[in-house]
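Engineer: Dumping the structure here so I can ask a few things about it.
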Amino acid sequence: MLGAGILTVACTVVDCSPRNTNKQSKLEASGECGTIRRMISDRSRLSRFSRSRWLWRLCLPVVSVVLSVVPTPCLAQSDGSSAERIPKRIITIAPNAAEIICALGACDRIVGASKYCVYPPELKHKPLVGGFIDPDLEKIITLRPDLVVLRGRSEAIESLCRRHGIDLYRDDTETLADITRTVLDLGNRLGLTEEADSLAKKMHDQLAAIRRRVAGRKKPRVFLTTMRQPDRLADLLTAGRGMFLGELVEVAGGVNVFGDLDLRYPQVSLEAILAKRPEVIIELMPEVTMTPALDRQMRHQWAKYSAIPAIAQGRLHFITDNNSLIPSPRIVGVIEKISRILHPEDGVGP
């Protein structure tokens, strides 16, 4: 059963409240507000897959905004200046931070992780401490952490840290630049500044190489889905302005057709997609195991919309990489894949 926190995420993502009349009128013109309200009120429509997908949304920056209504002050944070303050027992609730910590060579310091931390493989052997919505507070205490890494805000976890004097790092990653900042922050806190500098430089250089390769080329118009159920073409979420998922398209050499929306992860109607006339459609589906039968089924769902240039030209793509929604340094590989999709003239397939 979906918890209240997830329903709050859905409401806030679409932001159809009366206080946002300009945004509301735009959304209602294409049917988004009515669709999301129906999706929330008819909870029987949310399958196990959809519930799981909503939990994946907790890897996204929208959570920090949704839950920021809870006034929770930041805890004192170590600057890593003294050896005794460098954390040795880390619990991470954030999949992206877990990847970063391991990439810095400190995976052995992680003593517990969220059930959504799936990479690198070493994490499979770490004790599980629940998830963002359902943290196992008792387990966290028994693991005796000296640092908890949290994505977004959680009153339960923050209160626990305050009561027990556990240091807290809050990851507020929203953009690609924020990923680099988080790498450097965590490197400083863990006493691994050289490793962090090297990782940040590698990511910078990789992104710069992609930008150079696509510079001056025609930028195709791209519709990117960040969530939907594979059994029907409905409840489509995309990336709005200023979020790292929208940046994936821009860096890869395309134009996000809904990048003009101020909403972070708006739900859009098929009518709105038809009006935007994307030349490429890319669906990010990290939890889907793509089989030939499922591929045919999903392509058939889109086939009736041949008025969309992407469908007419056969430019519909599915990306099922398990990190395609996680803002970690590995996102560069996803951008590279999108770039090859948008610019097949490079001679290398996606």
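The values are calculated or read from the model by the stated rules, or taken from the named source; none is laboratory data. Predicted, not measured: the structure shown is a model, and the values here were computed from it. Virtual Cβ from ideal backbone geometry, glycine too; neighbours counted across all protein chains shown.
Engineer: Only residues that are among the charged types (D, E, K, R) and assigned to a helix (DSSP H, G or I): list them for segment 238-270, please.
Structural biologist: Selection gives Glu247, Glu250.
Engineer: Which condition number in (1) assigned to a helix (DSSP H, G or I); (2) touching a Leu at 6+ places or on another chain (Cβ under 8 Å); (3) at pLDDT 95 or above; (4) buried (at least 17 other Cβ atoms within 10 Å of the Cβ) is the one that Leu160 fails?
Structural biologist: Here Leu160 meets the rest and fails (3).
Per-residue answers, yes or no, for (1) part of a loop (DSSP other than H, G, I, E, B); (2) among the charged types (D, E, K, R):
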site	(1), (2)
Ala98	no, no
Gly112	no, no
Lys115	yes, yes
Tyr119	yes, no
Leu123	no, no
Gly130	yes, no
Pro135	yes, no
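Engineer: Could you look through segment 210-221, keep only residues that are of a type outside the set (D, E, K, R) and in contact with an Asp or Glu (Cβ under 9 Å, 6 or more places away or on another chain), and pick out the one that is nearest to Leu176 (Cα to Cα)?
Structural biologist: Ile210
Engineer: How many residues are under 12 Å from His164 (Cβ atoms) and touching a strand residue (DSSP E or B) at 6+ places or on another chain (Cβ under 9 Å) when one looks only at segment 132-141?
Structural biologist: 1
Engineer: So is Val280 more than 27 Å from Asp172 (Cβ to Cβ), buried (at least 20 other Cβ atoms within 10 Å of the Cβ) and among the β-branched types (Val, Ile, Thr) or not?
Structural biologist: When the stated conditions are applied, Val280 passes them.
Engineer: Another question, then. Within the bounds of segment 130-148, is there any residue that is under 28 Å from Lys201 (Cβ atoms), in the same structural domain as Met203 (by TED's automatic domain parsing) and either in contact with an Asp or Glu (Cβ under 6 Å, 6 or more places away or on another chain) or modelled with pLDDT under 90 (or both)?
Structural biologist: Checked against the condition, which is being under 28 Å from Lys201 (Cβ atoms), in the same structural domain as Met203 (by TED's automatic domain parsing) and either in contact with an Asp or Glu (Cβ under 6 Å, 6 or more places away or on another chain) or modelled with pLDDT under 90 (or both), segment 130-148 yields at least one hit.
Engineer: I would also like to ask the following. Could you grab me the full set of residues in segment 192-218 that are assigned to a loop (DSSP other than H, G, I, E, B) and either surrounded by 19 or more Cβ atoms within 10 Å (Cβ to Cβ) or free of Cβ contacts under 8 Å to residues at least 40 places away in the same chain (or both)?
Structural biologist: Result: Leu192, Ala215, Gly216, Lys218.
Engineer: For the subset of segment 311-339 comprising residues that are among the basic types (Lys, Arg) and not in a helix (DSSP H, G or I), which member is modelled with the highest pLDDT?
Structural biologist: Among residues in segment 311-339 that are among the basic types (Lys, Arg) and not in a helix (DSSP H, G or I), the one modelled with the highest pLDDT is Arg315.
Engineer: Name the residue that is surrounded by the most Cβ atoms within 10 Å (Cβ to Cβ), counting only residues in segment 171-191 that are assigned to a loop (DSSP other than H, G, I, E, B) and polar (S, T, N, Q).
Structural biologist: The extreme case among them is Thr173.
Engineer: Let me ask something else about it. Does Arg277 qualify as being out of contact with any helix residue (DSSP H, G or I) (no Cβ under 8 Å at 6 or more places or on another chain) and basic (Lys, Arg)?
Structural biologist: Taking the combined requirement at face value, the residue does not satisfy it.
Engineer: Next question, about the same structure. Which of the following residues is in contact with a helix residue (DSSP H, G or I) (Cβ under 9 Å, 6 or more places away or on another chain) and either closer than 20 Å to Met203 by Cα or free of Cβ contacts under 8 Å to residues at least 24 places away in the same chain (or both): Ile331, Ile319, Ile282, Ile308?
Structural biologist: Ile331
Engineer: Hey, Leu168 hits all of (1) in a strand (DSSP E or B); (2) under 19 Å from the mean Cα position of the chain (by Cα) but one; which does it fall short on?
Structural biologist: For Leu168, the exception is condition (2).
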